[in-house]
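The values are calculated or read from the model by the stated rules, or taken from the named source; none is laboratory data. Every value quoted in this text rests on a predicted model; they were computed, and no experiment measured them. Glycine gets a Cβ as well: all are built from the backbone with ideal geometry, and neighbour counts include every protein chain shown. Remember, those area values only see protein heavy atoms, side chains included, never the ligands or the DNA or RNA. Shrake-Rupley method; radii C 1.70, N 1.55, O 1.52, S 1.80 Å.
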Amino acid sequence: MHKAFRLAACAVVSLGSVHAVATDEGASTYIINGISVSIQTFPSFSSLYFDQLETSGLYQNYCGATILDEYHVLTAAHCIEGDSYYYTYTSIAPQLQNEDQVLNGSISLIRGSEFYYPDTFVDSEAQSWPDDIAIVKLETPLPVDTSAYVTLASMSDISSYDAVGTEMVTIGHGYTRSGTDGSDDLQGTTQRLLSRSDCSSAGISSKQLCLIGDYSPDTDLLNSTCGGDSGGPLYWYNGNQYIQVGITSYGPTQCGNPDSDYSSAYTEVAEYRGWIADVLAGRELPKIIVTEFDRENYTPDEEDTVFGDESGGAFSWMWLLTLIIGRSLQSYRFKQRFPES
């Protein structure tokens, strides 16, 4: 779910999610019952940013990602597919510890130029967003050491972590409660792996994982992801290092809903190692290519609307006014069968 837009050098603008519309019985995603975690522990983490800092002044992180190499990051397909306004102005903030680092210049935003996702991805709640995985190629290399590149789970790792109750860690800069962003610092929380039968409301396939978090009497919520965490990593510690086993995809509409039979659903990374390798080797064609010319000359199509289910649409003063009065956009994916990037 896209978090609230911010306007550089002006007030923070209050907004809701950006993309699919949710009902009270739908699904979305953020870090609930989390604690601050160090980017030094999870150096592969990055954030996708809507970036018009140099023009309209609008900016906001809207999804998580992980660093594959100096030119590629891994995220969720629903973060970029079908939303021309967002992908046209997408940049990556590598190793973002605190969101203030973007505006104060200590973290430089790197423009996305090519966007890849499987032909089989379907932006469908009814189908539980199958093959919700994407790769963004960057215009310029990330200023990170090779030690920051993420270690991805392989098919041979599945037998080691695929057991009910296995504890995993999810991190992100998303909301800390439904509709509320209580921290600019990177947050993390633990969850436990469920069997498919134990999370029937999630409707996952054999290429997805569902997890549930512990209940906190302090918040009356389960440990969970929430809006803005989409596309971010699910890590498993193999006794030696953190390995990425999942990509945050969706969850119940009420983040951390204690009455839900699961907290979050993830794309299982090991199932896509072949596709990832093909993208990195240049054997896949990008679904979207964005250039500086495209950004400088972007205008919405007639059917585009900044007020509809998709966020596409050019910046205008009327739209800015709408932002200021708190008109909601949508960004994360929701499931109507159950509540909770």
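Taken over region 12-62, the criterion of being under 18 Å from the mean Cα position of the chain (by Cα), among the hydroxyl-bearing types (Ser, Thr, Tyr) and modelled with pLDDT of 90 or more is satisfied by Ser44, Ser46, Ser47, Tyr49, Tyr62. Of all residues in region 64-79, those satisfying the criterion of being open to solvent by less than 20 Å² (accessible area, probe 1.4 Å) and either assigned to a loop (DSSP other than H, G, I, E, B) or closer than 26 Å to Glu296 by Cβ (or both) are Ala65, His72, Val73, Thr75, Ala76, Cys79.
Scanning region 80-135 for residues that are open to solvent by 10 Å² or more (accessible area, probe 1.4 Å) and assigned to a strand (DSSP E or B) gives Asn98, Ile110, Arg111, Ser113, Glu114, Tyr116.
Taking the conditions (1) aliphatic (A, V, I, L, M); (2) more than 18 Å from the chain's Cα centre (by Cα); (3) under 18 Å from Tyr262 (Cβ atoms) in turn, Val169 satisfies each one other than (2).
On the basis of being in contact with a Leu (Cβ under 7 Å, 6 or more places away or on another chain), open to solvent by 10 Å² or more (accessible area, probe 1.4 Å) and in a strand (DSSP E or B), does Arg192 make the cut? In short, yes. Each residue in region 34-63 was checked for being open to solvent by 10 Å² or more (accessible area, probe 1.4 Å), outside any loop (DSSP other than H, G, I, E, B) and among the small types (Gly, Ala, Ser), and 1 pass.
Scan region 115-136 for residues that are more than 10 Å from Leu74 (Cα to Cα), touching a His at 6+ places or on another chain (Cβ under 8 Å) and β-branched (Val, Ile, Thr) and the total you get is 0.
In region 224-247, the qualifying residues are those that are at pLDDT 95 or above and of a type in the set (A, V, I, L, M, F, W, C), and the one that is farthest from Ile67 (Cα to Cα) is Trp236.
Residues in region 115-154 that are in contact with a helix residue (DSSP H, G or I) (Cβ under 9 Å, 6 or more places away or on another chain) and more than 21 Å from Glu271 (Cβ to Cβ): Lys137, Glu139, Leu142. Taking the criterion of being modelled with pLDDT of 95 or more, open to solvent by 50 Å² or more (accessible area, probe 1.4 Å), at negative phi and in a loop (DSSP other than H, G, I, E, B), would at least one residue in region 167-178 satisfy it? No, there is no match, as no residue in region 167-178 is modelled with pLDDT of 95 or more, open to solvent by 50 Å² or more (accessible area, probe 1.4 Å), at negative phi and in a loop (DSSP other than H, G, I, E, B).
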